[in-house]
Amino acid sequence: MNIGIWIPIFTGLIGLLTGVITTYLSAILKFRKDLEARYDQDLHQERLRAYNELWKRLEILTPHAPPKALTPETLRDLLVSLRQWYFELGGIYMSDKSRPTCIKLKSEIQHILTKQNLQEDIEVNAEDRERLQQEASRLRAQLAGDIGTRKSSPVA
């Protein structure tokens, strides 16, 4: 047998095999990247929906013309509302950065509600109200950061 004929055949087979492996690996990587992009897109949509609902529930803590007075009753209602939101709608979608901020807000509300001298029909004091408003503002800022609504469009 002539070895000169086998060298080009062997070289061609090696090239073909290398091309098949490269194509296969590229297809797997593209498929994985597409799956990750789809997952990120779905997570973003679910966060938008859930965070929008949480945003509405935080309206009571706005420093700008709150819809009603911050009394122990409204704070208890808010605490229940936040717990329901967390377990029924959005807690599973919260980022690792937003979750502690939300928990801190709920802890602050709970702390205020455990004060001995708190009267049911009297608004909480200005210091407590301001602390809650700041915590709510931090949470809203973190939520907006999670979904990217406070930055300019990457398309622009």
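The values are calculated or read from the model by the stated rules, or taken from the named source; none is laboratory data. It should be emphasised that the depicted structure is a prediction, and the values quoted were computed from it without experimental measurement. So basically every Cβ, Gly included, is an ideal-geometry build from the backbone, and we count neighbours across all protein chains shown.
Looking for something of a type in the set (S, T, N, Q) and under 18 Å from residue 106 (Cα atoms) - is there at least one such residue anywhere in segment 6-14? Explain how you work it out, then say what you get.
Of all residues in segment 6-14, those of a type in the set (S, T, N, Q) come to 11.
With the extra rule that they be under 18 Å from residue 106 (Cα atoms), the set shrinks to none.
The answer is no, given that none of the residues of segment 6-14 is of a type in the set (S, T, N, Q) and under 18 Å from residue 106 (Cα atoms).
β-branched (Val, Ile, Thr) and either on the phi > 0 side of the Ramachandran plot or without any contact (Cβ under 8 Å) to a residue 12 or more places away in the chain (or both) - does that describe any residue in segment 121-136?
Residues of segment 121-136 that are β-branched (Val, Ile, Thr), as a first pass: 122, 124.
After this cut, where a residue has to be either on the phi > 0 side of the Ramachandran plot or without any contact (Cβ under 8 Å) to a residue 12 or more places away in the chain (or both) as well, the list is none.
Checked against the condition, which is being β-branched (Val, Ile, Thr) and either on the phi > 0 side of the Ramachandran plot or without any contact (Cβ under 8 Å) to a residue 12 or more places away in the chain (or both), segment 121-136 yields no hits at all.
For segment 119-156: of the residues being basic (Lys, Arg) and over 20 Å from residue 86 (Cβ atoms), which is modelled with the lowest pLDDT?
Across segment 119-156, the extreme among qualifying residues is 151.
Condition (residue is touching a residue at least 60 places away in the same chain (Cβ under 8 Å), surrounded by 10 or more Cβ atoms within 10 Å (Cβ to Cβ) and farther than 17 Å from residue 140 by Cβ) applied to segment 34-48: is it met by at least one residue?
Checked against the condition, which is being touching a residue at least 60 places away in the same chain (Cβ under 8 Å), surrounded by 10 or more Cβ atoms within 10 Å (Cβ to Cβ) and farther than 17 Å from residue 140 by Cβ, segment 34-48 yields at least one hit.
Restricting segment 84-125 to residues that are closer than 21 Å to residue 142 by Cα and of a type in the set (Ser, Thr, Tyr), which is farthest from the chain's Cα centre (by Cα)?
107
Only one of (1) exposed (fewer than 14 other Cβ atoms within 10 Å of the Cβ); (2) in a helix (DSSP H, G or I); (3) over 16 Å from the mean Cα position of the chain (by Cα); (4) not polar (S, T, N, Q) fails for residue 128. Which number is that?
(1)
Kindly evaluate residue 63 against the criterion of being closer than 30 Å to residue 44 by Cα, of a type outside the set (D, E, K, R) and in contact (Cβ under 8 Å) with a residue 40 or more places away in the chain.
So residue 63 passes the test.
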